[in-house]
1. With respect to Glu279, is the statement that it is surrounded by fewer than 16 Cβ atoms within 10 Å (Cβ to Cβ), over 24 Å from the mean Cα position of the chain (by Cα) and in contact (Cβ under 8 Å) with a residue 24 or more places away in the chain true?
2. When you go through Lys165, Lys153 one by one, which is the residue that is of a type in the set (D, E, K, R), open to solvent by less than 40 Å² (accessible area, probe 1.4 Å), under 23 Å from the mean Cα position of the chain (by Cα) and closer than 30 Å to Asp406 by Cβ?
3. Taking the stretch 2-30 only, how many residues are in a loop (DSSP other than H, G, I, E, B) and either of a type outside the set (A, V, I, L, M, F, W, C) or open to solvent by 80 Å² or more (accessible area, probe 1.4 Å) (or both)?
4. Pull out all pairs, ordered by first then second residue, where Cβ-Cβ is under 6 Å, the residues are six or more apart or on different chains, the first lies in the stretch 1-20 and is closer than 18 Å to Ser84 by Cα, and the second is modelled with pLDDT of 90 or more and open to solvent by 60 Å² or more (accessible area, probe 1.4 Å).
5. Among the residues of the stretch 433-447, how many are out of contact with any Lys or Arg (no Cβ under 9 Å at 6 or more places or on another chain) and open to solvent by 20 Å² or more (accessible area, probe 1.4 Å)?
6. Looking at Asn147, Asn173, which is the one that is open to solvent by less than 30 Å² (accessible area, probe 1.4 Å), over 30 Å from Glu302 (Cβ atoms) and not hydrophobic (A, V, I, L, M, F, W, C)?
7. Test each condition in (1) under 29 Å from Tyr138 (Cβ atoms); (2) under 24 Å from the mean Cα position of the chain (by Cα); (3) not hydroxyl-bearing (Ser, Thr, Tyr) for Phe456 and report the one that comes out false.
8. Could you list all residues from the stretch 321-354 that are under 24 Å from Pro130 (Cβ atoms), touching a helix residue (DSSP H, G or I) at 6+ places or on another chain (Cβ under 8 Å) and among the β-branched types (Val, Ile, Thr)?
Amino acid sequence: MSKVAQYLQEHLSGEVLHTPAIRKYFSTDGGVFTVTPSLVVYPRNEGDVRKTARFTWQLAERGRIIPITARGMGTDQGSAAVGSGVMMVFPAHMNRILEYDGKTGDVVIEPGILYGKLQQTLHTHGRFLPPYPSSMEYSTVGGAIANNASGEKTFKYGCTRDFVKGLRVVLANGEVIETRRLSKRELSKKMGLTTFEGELYRALDGLIEENKQIIKDMHLNVSKNSAGYDIADVKRKDGSFDLTPLIVGSQGTLAIVSEATIATAPYNPSTTLIAAFFEDLEVAQQAIDQISKLPESPSAMELVDENLLKFLDEHNPNQLKGIVSKPFHKMIVLIEFDNANARTQKRMAKKATKILDKLTVTYKVETEEHEKEELWKIRHSAAAVISHSEGNLKALPIIEDGIVPDGQMNEYIKNVYDMFEKYSLKVAMWGHAGNANLHMQPFLDLSQVGDRQKVFKIIDEYYSMVISMGGSTSGEHSDGRLRAPYLSKLYGEAVYTLFQKTKLIFDPYGIM
């Protein structure tokens, strides 16, 4: 592999490294798997990405497969940011804001830019990118696009896919194309090209036309979904065609994003935050359902359960001191309104508190910035669970992103509690109440044979339970190596075969 590294270094502007230490560093991400790359490339520009892809394609044509894994900051919890072959790491150089349109608020970025850095810049223009993940201060926008990421504001604003207007991507053979929604006429022109791009459009259009009913039936009854490829939104009834929704959420398995044009939304920091304290999960479900149906929806509805509060009290009692007190509530839900019109915002918050009053739920309402920040600490404290370890005992992100249909969150929570009790594990839960998308991470010791066996049982039981409820295995983190094996069970063999054929159209040699 040293010859490959040497050849690439001669032809690329960025750095090519293959020392044991650097390869070991990039062999893990935020997940539980270890896969050591053969070499690491820090592309300096799109040309470097294109040349690397072209080189591996030419090797593949001669029967030698060296895969490419695109990577941001490596926070992916499903282990999509590890791989053998070439590890292509974007934050080092391809991390710029290329353009900002003051009229539309659209922004053009390179994939390696930190989400938090982009957000700070947008705030200075009175804008923001709403589907930010909780890891935004140390994750990239390219990673968010790869995962179709979302977060606390998704309940009102939608997922990353809803904001990506177009992409520049490098295909498996090194060809660079731009994606956006094409008219029928534009599609016809694309299909007439003699390049790999033309071949791709022809094959994909044929696949969609041949499988219309299967694609129509593949929809899951959940408020957001990042599992599998979004082939359903490529071709619409009007005949328009767009590869963008397919590539968003594909985790670099179809093409490598080198540039993205993204819409933004007006940012209003003057919000009203309600913290509702529940003693009964049934009542919490009723409140969430009723508040969700308000004429103007909250921008966020986030929850933590009493087990998370107990965990914090045990391991870091000062973290929430003066914010929550014992005995802890069964669940706390944070409900935030960010309407631009202050009167509308006040009216919606009032309607929400009336619902809580009717259900005899205690709550706090805050509009002052400092007080809101204090309350948000309740939800953001979940990071303490993720980073906690006791010897070899660690919080494992193995069942952390299920989502179920609206109205079924209470049943979902009970099922999770029962499962953790069955395996004699501590449970701490947090997530997006408005979307019924929950996160939890069991504490296990992977150096113990018993715990390793338990991992596989828990994974299988959990995802089978979510699927049986009509949910999705991934609400916002996509599949990775962890959840990809459940796609055929989630969608059925017919849809899974479609995914395989889609992958084959974009990546016939399996490089990506």
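The values are calculated or read from the model by the stated rules, or taken from the named source; none is laboratory data. Predicted model, so just to flag it, every value in this text is computed and none were measured. Please note: Cβ atoms are built from the backbone with ideal geometry, for glycine as well, and neighbour counts cover all protein chains shown. The protein model used for the area step is the full one, side chains on, heavy atoms only, and it has no ligands, DNA or RNA in it. Shrake-Rupley method; radii C 1.70, N 1.55, O 1.52, S 1.80 Å.
1. Details: surrounded by fewer than 16 Cβ atoms within 10 Å (Cβ to Cβ): yes; over 24 Å from the mean Cα position of the chain (by Cα): yes; in contact (Cβ under 8 Å) with a residue 24 or more places away in the chain: yes.
Taking the combined requirement at face value, the residue satisfies it.
2. Details: Lys165 fails: open to solvent by less than 40 Å² (accessible area, probe 1.4 Å).
Exactly one residue qualifies, and that residue is Lys153.
3. Step one: list which residues in the stretch 2-30 are in a loop (DSSP other than H, G, I, E, B), which gives 12-14, 18-19, 26-30.
Pick out the ones that are also either of a type outside the set (A, V, I, L, M, F, W, C) or open to solvent by 80 Å² or more (accessible area, probe 1.4 Å) (or both) and you get 13-14, 18-19, 27-30.
Going through the stretch 2-30 one residue at a time, the tally reaches 8.
4. Final answer for the pair search is Ala5/His18; Val16/Gln9.
5. So the count comes out to 1.
6. Values: Asn147 fails: over 30 Å from Glu302 (Cβ atoms).
Just one listed residue meets the conditions, Asn173.
7. (1)
8. Across the stretch 321-354, the qualifying residues are Ile332, Val333, Ile335.
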